[in-house]
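The values are calculated or read from the model by the stated rules, or taken from the named source; none is laboratory data. Bear in mind that the values here come from a model prediction, so they are computed numbers and not experimental data. With ideal geometry, Cβ positions are generated from the backbone for all residues, glycine too; neighbour counts draw on all protein chains shown.
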Amino acid sequence: MRITQENISENNQSILSAHQQELDFLSGLLSKEGVDIWALIDKIKEFQIAVPSWALGAGGTRFGRFGLGGEPRNLEEKLEDIGLLKALTQKTSSVSLHIPWDIPSDYSTITGLASELGISFDAMNSNTFQDYGQQETYKLGSLGNAKKSIRNQAVDHNIQVIEIGKKLGSKGLTVWLADGSNFPGQSSMRNALQWTQESLTQIYTAMPDDWKLLLEYKPYEPNFYHTIIPDWGTSSLLCKSLGDRAKVLVDLGHHLPNTNIEQIVATLMYQDMLAGFHFNDSKYGDDDLTTGSIKPYQLFLIFCELISGSEDGAQTWESISWMIDASHNTKDPLEDLMQALEVISICFTKALLVDRKKLSACQLDGDVVGAQECLQEAFQRDVRPLVREARIQNGGAANPITLYRKLEVRKNLIQERGANSRSTGL
């Protein structure tokens, strides 16, 4: 199914008058505060977030998975779904593929379809945390496995992912390891870390000079006694041993409860070591909930650190990658992604409105109340008219989910693909 510009324009026309009133009111307030509205809207328009191929079907947990019908059955249909998201939101123009599930059967067909839809290929994702028919099992680890033949197999897989990405025009490799142990004494933690470093060095050496390696961390799951890369410090340690094109990837759900993620972001930017983000949200751990559904203020504070670090020259905004990484067991995944893209845009916009000059003065003067007021004033502002205007100017729908439901997109996808279609890799 394709959504036309005519569909979008016709739907937008019905709400333009109300939208313009809201935008004019907010613009008047912000203009009095010295905010350049149109420069702000341009920044919102430019901020793009990648979508992972695995987020387009119904997700699940180890307890169960509930299909919704009309799921993409192959890579072509995944690209078509991202095309739907792009048409509606104009906020995502790239896809992050998961190998081996997304190996193209015909590269020219895939690149041609992506070009037609205006979609590029973000960082590639390897998979050494599942068994999918490879010669040796990853049950006891991959890059840090005690058995060298298994480590070699995992290295070869990552190099294969790099080769696939080169054909598609990707410029990065994301590595997340499930490696670790469930019981004391099960493995040598020091040896496992050394083997992981040696394996990553081989992978890093195989990357093209214009690629970057994004190294993820996670404190627990699927291993609960120890994981080889449990935190940002270990990831940073390994990245620094590899070279300046290896940096730390922050998944918002990969933290223990109440972790100060914005401090981690500030620390990584201070070292120019932040590779990018996997956006999601959590209540207890790696819940993979919709971004901003639980902790929108935390997301806002993270963006405050990102924008501050970029403006202060700690690390360039362009060097950071952005992607959603969530699992959708009870929602239509396309609607969930639209919700995530919206709240990310809103928190980003609010962070742009922070009066940094005033905030800095409060910090230097020790004015704790004043500093908090600077943040609260920006966070409490309703910036939805600005986000909506940016989307409309880019050619997107004023209300993406409303139009998605009006056009009965899921119903059409079920008719095209079947009620029992299942997305690959889930």
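Do any residues in the stretch 154-166 that are among the hydrophobic types (A, V, I, L, M, F, W, C) have Cβ atoms under 7 Å from those of residues that are assigned to a helix (DSSP H, G or I) and at pLDDT 95 or above, where the two are at least six apart or on different chains, and which pairs are they? Note: pairs meeting the criteria are Ala154/Ser199; Val155/Ser199; Val155/Gln202; Val155/Ile203; Ile159/Ile203; Ile159/Ala206; Ile162/Ala206. Only a single item in (1) of a type outside the set (A, V, I, L, M); (2) surrounded by 18 or more Cβ atoms within 10 Å (Cβ to Cβ); (3) in a helix (DSSP H, G or I) is not met by Gly144, and it is number (3). All of Gln393, Gln380, Gln339, Gln376 fail the test of being of a type in the set (S, T, N, Q), under 28 Å from Thr92 (Cα atoms) and over 24 Å from the mean Cα position of the chain (by Cα), apart from Gln380. Of all the residues in the stretch 23-70, those that are under 20 Å from Ile324 (Cα atoms), part of a loop (DSSP other than H, G, I, E, B) and at pLDDT 95 or above number 3. The residue pairs whose first member lies in the stretch 393-411 and is under 13 Å from Lys86 (Cβ atoms), whose second member is part of a loop (DSSP other than H, G, I, E, B), and whose beta carbons are closer than 7 Å, counting only pairs six or more residues apart or on different chains, are Asn394/Gln90; Gly395/Gln90; Gly396/Gln90.
One line per residue, one yes/no per condition, for (1) under 23 Å from Ala246 (Cβ atoms); (2) of a type outside the set (D, E, K, R); (3) out of contact with any strand residue (DSSP E or B) (no Cβ under 6 Å at 6 or more places or on another chain):
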site: Thr137; (1), (2), (3): no, yes, yes
site: Val161; (1), (2), (3): yes, yes, no
site: Ile164; (1), (2), (3): yes, yes, yes
site: Lys171; (1), (2), (3): yes, no, yes
site: Ser187; (1), (2), (3): no, yes, no
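Taken over the stretch 171-188, the criterion of being among the hydroxyl-bearing types (Ser, Thr, Tyr), crowded, with 20+ Cβ neighbours inside 10 Å and part of a loop (DSSP other than H, G, I, E, B) is satisfied by Ser187 alone.
Scanning the stretch 115-132 for residues that are in contact with a strand residue (DSSP E or B) (Cβ under 7 Å, 6 or more places away or on another chain) and not in a strand (DSSP E or B) gives Ile119, Asp122, Ala123, Ser126, Asn127. When the stretch 311-330 is filtered for residues that are among the charged types (D, E, K, R) and surrounded by 16 or more Cβ atoms within 10 Å (Cβ to Cβ), only Asp325 remains.
In the stretch 87-99, is there at least one residue being of a type in the set (S, T, N, Q), surrounded by 14 or more Cβ atoms within 10 Å (Cβ to Cβ), modelled with pLDDT of 95 or more and assigned to a loop (DSSP other than H, G, I, E, B)? Before the answer, list the steps.
Taking the stretch 87-99 as the starting set, the residues that turn out to be of a type in the set (S, T, N, Q) are 89-90, 92-94, 96.
Filter once more, so that each one left must be surrounded by 14 or more Cβ atoms within 10 Å (Cβ to Cβ): 89-90, 92-94, 96.
With the extra rule that they be modelled with pLDDT of 95 or more, the set shrinks to 89-90, 92, 94, 96.
The next check asks that each one be assigned to a loop (DSSP other than H, G, I, E, B); those that pass are 90, 92.
Among the residues of the stretch 87-99, at least one is of a type in the set (S, T, N, Q), surrounded by 14 or more Cβ atoms within 10 Å (Cβ to Cβ), modelled with pLDDT of 95 or more and assigned to a loop (DSSP other than H, G, I, E, B), which makes the answer yes.
Of the residues making up the stretch 189-222, those that are buried (at least 23 other Cβ atoms within 10 Å of the Cβ) and assigned to a loop (DSSP other than H, G, I, E, B) number 2. Considered as a group, the residues in the stretch 139-197 that are among the acidic types (Asp, Glu) and out of contact with any helix residue (DSSP H, G or I) (no Cβ under 8 Å at 6 or more places or on another chain) include one that is nearest to Ser94 (Cα to Cα), and that residue is Glu163.
Filter the stretch 76-113 down to the residues that are out of contact with any Pro (no Cβ under 6 Å at 6 or more places or on another chain), aliphatic (A, V, I, L, M) and touching a residue at least 40 places away in the same chain (Cβ under 8 Å), then identify the one that is nearest to Glu342 (Cα to Cα). Among them, the one singled out is Leu85. Checked against (1) in contact with an Asp or Glu (Cβ under 8 Å, 6 or more places away or on another chain); (2) assigned to a helix (DSSP H, G or I); (3) of a type in the set (Lys, Arg), Arg422 meets all criteria but (2). Of the residues making up the stretch 368-392, those that are touching a residue at least 12 places away in the same chain (Cβ under 8 Å) and not aliphatic (A, V, I, L, M) are Gly370, Cys374, Glu377, Phe379, Arg381, Asp382, Arg384, Pro385, Arg388, Glu389, Arg391. Consider Lys139 carefully, then state whether it is more than 24 Å from Ile414 (Cα to Cα) and crowded, with 17+ Cβ neighbours inside 10 Å. So Lys139 fails the test.
Filter the stretch 239-285 down to the residues that are of a type in the set (Phe, Trp, Tyr) and closer than 16 Å to Ser96 by Cβ and list them by number. Give the steps one after another, and end with the answer.
Residues of the stretch 239-285 that are of a type in the set (Phe, Trp, Tyr), as a first pass: 270, 277, 279, 284.
Hits for the stretch 239-285 are Phe277, Phe279.
With respect to Glu76, determine if the residue is farther than 30 Å from Leu306 by Cα and part of a helix (DSSP H, G or I). Here the answer is yes, as Glu76 does meet what is asked. Residues in the stretch 392-419 that are part of a helix (DSSP H, G or I) and out of contact with any Gly (no Cβ under 9 Å at 6 or more places or on another chain): Ile392, Gln393, Pro400, Ile401, Thr402, Leu403, Tyr404, Arg405, Lys406. Given the criteria on the phi < 0 side of the Ramachandran plot and surrounded by 21 or more Cβ atoms within 10 Å (Cβ to Cβ), does Leu274 qualify? Judged against the criteria, Leu274 is a match.
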